[in-house]
Ligand SMILES: Nc1nnc(-c2c[nH]c3ncc(-c4c[nH]c5ccccc45)cc23)o1
């Protein structure tokens, strides 16, 4: 295919394929910041022709698309770990022509990694927030994505308190479908937690692929610790190699957070006295004591399977999708 000419920003903003987007993103990651200092105009590749109206190679922030702060700066609180994740401000965005509402994540150029985009671009599923396009302007990379206008599960729990079991079941099923898809491609998300699950009117979706990796064979040997401590599995903490089952454990801890309003451990080991939970996660049995007192027996056994210490014995996403806890039979309802 003809090489689209981005170097002098001549190309401006164009509609393209996932391949075009990935080559643009790689060019961006390799460009010296000096070359990017004096661009006359925005550059980018948009996948979503239907909802994003490019005009003569222009798609200008606060002209063709408006950004409204969602005030969602993610601070990976209290881990002390240097998160490798692509954190950044997530804004609500709206195309001024099509009125389409989107999420726009601003990543400062110095924090940007191609991985932030690669997985969302290449692997599409209804329970993974869709990537609509990538735009570079004013020293920031703007990732336009499907918006979860209901906010994230963390905001929901923090504003409405512990969720009821039927709501937890609804969210858990969607997350498991997304994980089943990712895991079938040997992809580990590495940061499953309430703030990375967003709510739409008719579904929930996973976000933030900054820590995501694709395993080359059936184990991943980490070079660094990825994730958010409270939700980390024992095998990940051990740093001796792990696999997709670590996401299942993190989903288990996320369910505990949805049921009780707090992540596991913190009620028994207050954050004030425990700057790090890695040792606790390593030494203690899985946090079954933190399961909600009013948790149904079916959900309790679901959590026992999801929080199983040995990843080889831990249930997979496909197995858990068949679990009775999230497929309540008629008489249970
Ligand atoms: N870290 C990250 N990477 N990609 C996203 C993301 C993609 N689409 C989204 N839609 C909504 C929200 C969101 C999170 N908390 C909220 C509270 C209120 C309103 C909206 C939200 C976040 C996203 O987030």
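Every read-out reported here was derived from the displayed coordinates using simple, explicitly stated rules and does not represent laboratory data. The structure displayed is predicted, hence computed values, not measured ones. Virtual Cβ from ideal backbone geometry, glycine too; neighbours counted across all protein chains shown.
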query = When the distances between all Cα atoms of the stretch 234-327 are binned every 10 Å from zero, what whole-number percent does each bin get?
reply = 16, 49, 30, 5
inquiry  = Cut-off is 10 Å between beta-carbons; in what order do 38, 125, 282, 242 appear when sorted fewest neighbours first?
reply    = 38, 282, 125, 242
inquiry  = So, R0 is 22 Å and r is the distance between the beta-carbons of residue 321 and residue 170; what FRET efficiency does that work out to, to 0.05?
reply    = 0.95
task = Grab the Cα-Cα distance for residue 31 and residue 149, subtract it from 0.36 nm times how many residues apart they are, and report the gain in nm with one decimal.
result = 39.1 nm
inquiry  = Which order do the peptides 163-170, 202-209 come out in when sorted by mean C-beta neighbours inside 10 angstrom, highest first?
reply    = 202-209, 163-170
request  = Sorted from largest down, give the three principal axis spans of the alpha carbons of the stretch 209-270, whole angstrom values.
outcome  = 37, 19, 18
request  = Take the alpha carbon atoms of the chain, find their radius of gyration, then divide it by 2.2 N^0.38 Å using N residues; give the quotient.
outcome  = 1.03
key: Convex hull volume per residue for the stretch 92-144, taking Cα atoms only, in Å³   = 88
request  = Can you put 293, 49 in order of Cβ neighbours within 10 angstrom, beginning with the fewest?
outcome  = 293, 49
query = Applying 1/(1 + (r/R0)^6) with R0 = 35 Å to the Cβ-Cβ distance of residue 221 and residue 283, what FRET efficiency is obtained, to the nearest 0.05?
reply = 0.95
